[in-house]
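Have a look at the structure below, then the notes.
The values are calculated or read from the model by the stated rules, or taken from the named source; none is laboratory data. Please read these numbers as outputs of a predicted model, since none were measured by experiment. When we count neighbours, we look across all protein chains shown, and the Cβ atoms used for this are built from the backbone with ideal geometry, even at glycine. The accessibility values were calculated without ligands, DNA or RNA, using every heavy atom of the protein model including side chains. Shrake-Rupley method; radii C 1.70, N 1.55, O 1.52, S 1.80 Å.
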Amino acid sequence: MIEEVDPRVLVVDDEENIRFIVESALDMAGFEVAAAESGADALELLGSFQPQVIVLDVMLPDIDGFTLLRRIRDRGSVAPVVFLTARDSTDDKVLGLTSGGADYVVKPFAVAELVARVKLRLPDGAMDGNSRELRCADLAIDDDAHRVTRAGEAVQLSPTEYKLLHYLMVNAGRVLTRDQILDHVWAYDFDGDSSVVDTYISYLRRKVDHVDPRLIQTIRGVGFSLRVES
């Protein structure tokens, strides 16, 4: 179903008390927040959570924040970053400010300043309350932008593939017959072979369902359903 989505922020810091303070402040400010205590945890969350901003500690137990940012960029995420750092040398400030879409806040920091910096890094309109998208697990359709992503990666679909995926996602969890899909995707006057549905389902599977969890389920003798199998 269509859901209103709060702007998403990933907080990466190995200090539990700082994670709690930052998470609480961002939650109260209207953000959806996920937290990680290491670089490995952050990379694991990256695809499924798809943050719009990342709050990132420079000194992590397994990797430094600047190296982690490079790995995040290598995975295709362009989410801007606000570094949290106890360092305040000129070199660290310059490195933070020149790390592609990054800002920095020096510890100890004012929570209100951090929240303000995160808001400034959001895409235009993300705090307007009008952000709407279709989501199932890490698959998302942004109808306004006519954009599909899976695990944060953009997916290019033909107009018919997009229409089919959109219909499946609007009805996520429901079983749809081939006739229902034909009526809504190819229109009522379609007089071709119903196997076209299976053909386009196979196209979608190759483009958006080649990673786990598999979302497009075949219901034998009935049709198809988009859902996460338990």
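The table for this structure:
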| read-out | value |
| --- | --- |
| FRET efficiency for GLU32 and TYR203, using Cβ-Cβ distance with R0 set to 35 Å, rounded to 0.05 | 0.65 |
| Per-residue SASA entry for ARG178, accessible area with 1.4 Å probe, Å² rounded to 10 | 70 |
| At R0 = 25 Å, FRET efficiency that the Cβ-Cβ distance of GLU113 and ALA86 yields, to 0.05 | 0.95 |
| Residues ASN17 and GLN156, FRET efficiency given R0 of 41 Å [Cβ-Cβ distance, rounded to 0.05] | 0.40 |
| Theoretical gain in end-to-end length, ARG220 to ARG70 [0.36 nm per residue, Cα-Cα removed] | 49.5 nm |
| Highest average packing first - 13-25, 213-225, Cβ atoms within 10 Å | 13-25, 213-225 |
| Potential extension, ARG147-VAL106 segment - 0.36 nm per residue separation minus Cα distance | 11.1 nm |
| Check: region 2-73 dipole with +1 on Lys, Arg Cβ and -1 on Asp, Glu Cβ, in debye | 420 |
| In Å², nearest 10: area of LYS163 left accessible to a 1.4 Å probe | 100 |
